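No value in this document is a laboratory result; all are computed from the given coordinates. Please read all numbers here as calculations on a predicted model, not as lab measurements. In this analysis, Cβ positions are derived from the backbone assuming ideal geometry, glycine residues included, and neighbour counts consider all displayed protein chains.
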Amino acid sequence: MWATRAATYLRISVPFTLRVRSFSSVLKDLKYADSHEWVKVDGISATIGITDHAQDHLGKVIEVNEELNSSPGLINASPYENGWIIKVEMSDKDETNKLMDSDQYSKFCEEEDAKH
C-alpha cells in the first residue's frame with residue numbers, strides 16, 4: 001500500500017538500537033497488511049491507517065492537509081494537487097532518487113493492471 005511505500009522511501013535514518021521496538025502497540029481488534037497499514041471494520045465501512053511501526057519509519061510529520069477534514073473527497077477529486085495527505089521532513093533529499101519517475105510509474109501501473 002502507498003503509505004508504507006512512502007515510508008520506505010522517505011525513511012529517516014535511525015540508529016539500529018533505536019529501531020528495535022516492542023510490538024505492544026499492535027491492537028488485537030484490527031486487521032493488518034504486510035505493507036504496515038491497519039484496517040478497522042465497522043459494518044460496511046473500513047477505517048484505514050498506518051501502523052505504529054510504519055509511522056516510526058516516516059520521520060517527523062510537519063504538516064497535515066486540514067482541508068481533508070471538511071472535504072475528504074479531495075483525495076479522489078484532486079489526488080495530485082489538493083488531495084495530498086501529509087508532509088514529512090526528509091533527512092536525505094537524495095533518497096527520492098530511489099523513487100520511480102512518471103514513465104516508470106506508468107509502466108508499473110500497466111503491469112500491475114495486466115496481472116488483475
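Restricting attention to segment 43-59, and to residues there that are under 13 Å from TYR32 (Cβ atoms), touching a residue at least 12 places away in the same chain (Cβ under 8 Å) and among the hydrophobic types (A, V, I, L, M, F, W, C), which single residue is surrounded by the most Cβ atoms within 10 Å (Cβ to Cβ)?
It comes out as ILE50.
Within segment 74-104, how many residues turn out to be free of Cβ contacts under 8 Å to residues at least 24 places away in the same chain, surrounded by 10 or more Cβ atoms within 10 Å (Cβ to Cβ) and within 24 Å of GLN55 (Cα to Cα)?
Result for segment 74-104: 8.
Could you tell me whether any residue of segment 82-91 is touching a helix residue (DSSP H, G or I) at 6+ places or on another chain (Cβ under 8 Å), within 27 Å of VAL26 (Cβ to Cβ) and charged (D, E, K, R)?
Looking through segment 82-91, none of the residues is touching a helix residue (DSSP H, G or I) at 6+ places or on another chain (Cβ under 8 Å), within 27 Å of VAL26 (Cβ to Cβ) and charged (D, E, K, R).
Taking the conditions exactly as written (of a type in the set (A, V, I, L, M, F, W, C) and closer than 20 Å to THR96 by Cβ), does ILE48 satisfy them or not?
Values: of a type in the set (A, V, I, L, M, F, W, C): yes; closer than 20 Å to THR96 by Cβ: no.
Against the criterion (of a type in the set (A, V, I, L, M, F, W, C) and closer than 20 Å to THR96 by Cβ), ILE48 does not qualify.
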